[in-house]
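Every number here is computed from the coordinates shown, using simple stated rules; none is lab data. Bear in mind that the values here come from a model prediction, so they are computed numbers and not experimental data. All Cβ positions, even for glycine, are placed from backbone atoms using ideal geometry, and neighbour counts span all protein chains on display.
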Ligand code: PEP
């Protein structure tokens with residue numbers, strides 16, 4: 001089963017609107033020759049930069065994503081953002097349950113599930129993040145933790161909706177640390193995630209769901225990671241903040257995609 005590569009840049013709390021616009025303007029010509037049939041290229045700026053970036057990516061092969069979505073349509077939820085607000089700007093992808101949201105802002109599998117269901121109901125393409133902490137891996141609990149995050153985060157999702165989800169496996173110990181899981185280690189975990197998806201949604205859906213790797217992925221290691229059977233792209237932090245490093249990563253990843 002070949003799945004289209006998806007490389008998404010998570011810009012986190014970086015770049016003002018003006019800086020975000022410059023970054024995407026610099027990126028556009030560098031990836032202009034990447035055929036949209038070969039890969040989805042997504043950038044996920046912070047909320048205040050979404051409008052500027054939406055404008056800048058019009059007519060290009062770069063798609064717009066954001067970093068969160070609230071489950072309620074509107075109301076007293078200070079600091080949150082609704083589906084309608086994101087839709088109006090033209091956001092297509094939504095990152096849900098990033099480990100920084102889980103670690104610093106109390107995101108749980110239950111809140112991930114609520115955000116996910118709203119994102120699906122409102123027609124977004126969710127990128128659902130899961131991943132174990134270093135202590136989990138060292139304690140031999142990686143699969144148990146991932147199983148729990150998957151079961152809780154994806155609870156009640158229909159087969160038809162599951163097919164619209166992208167999963168991002170991000171070992172927390174590899175995020176922003178320069179420590180990457182080896183391709184073999186990442187593949188072993190991706191295969192475990194794939195088996196959960198196949199069991200839960202059937203192979204006809206499970207085999208189509210794209211699973212990104214995230215955690216210190218860069219131009220230098222993208223090709224070997226994406227060459228693995230169940231690694232279908234990347235969710236990129238640091239290396240997405242410069243046009244040349246992100247473009248090189250995209251091209252290396254596609255060059256070696258299965
Ligand atoms: C991330 O936060 O999603 C991430 C993978 O960051 P980095 O690429 O910097 O490790």
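Largest first and in whole Å, the equivalent-ellipsoid semi-axes of segment 37-119 read 23, 15, 11, each the square root of five times a Cα gyration tensor eigenvalue. Rounded to whole Å, the principal axis extents of the Cα atoms in segment 101-184 read 37, 25, 21, largest first. If R0 is taken as 22 Å, the Cβ-Cβ distance between residue 192 and residue 134 corresponds to a FRET efficiency of 0.80.
When the Gaussian network model of the chain links Cα atoms closer than 10 Å, the mean-square fluctuations of 154, 146, 134 top out at 134. Each listed q (0.27 Å⁻¹) maps to a log10 I(q)/I(0) for segment 69-110, found by the Debye formula over equal Cα scatterers with no solvent: -1.06. Computed over every Cα-Cα pair of the chain and binned at 10 Å starting from 0, the pair-distance distribution P(r) comes out as 7, 34, 39, 19, 1 percent. For the peptides 51-64, 74-87, 4-17, residues were scored by their other Cβ atoms within 10 Å and the scores averaged per peptide; the highest-first order is 4-17, 51-64, 74-87. Under 8 Å for C-alpha pairs, at least 6 residues apart: give me the relative contact order for the chain, rounded to a whole percent. After rounding, I find 21 percent.
What separates the Cα centres of segment 169-239 and segment 115-145 is a distance of 12 Å.
Note on segment 69-213: Cα-only Rg and Dmax are 15.2, 46 Å.
Take every pair of alpha-carbon atoms less than 8 Å apart whose residues are at least six positions apart; their mean separation over the length of segment 1-114 yields a relative contact order of 23 percent.
Each of 190, 98 was scored by other Cβ atoms within 10 Å of its Cβ. Arranged with the fewest first, they read 190, 98. Could you give me D for segment 147-258, from Stokes-Einstein at 20 °C and 1.002 mPa s, where the hydrodynamic radius is the Kirkwood radius over C-alpha pairs? Units µm² s⁻¹, please. Result for D is 150 µm²/s. Using a Gaussian network model of the chain whose springs link C-alpha atoms within less than 10 Å, name the residue from 44, 35, 66 with the highest mean-square fluctuation. Top of the fluctuation ranking is 35.
Computed on segment 57-156, with alpha-carbon pairs under 8 angstrom and 6+ residues apart, the relative contact order is 26 percent.
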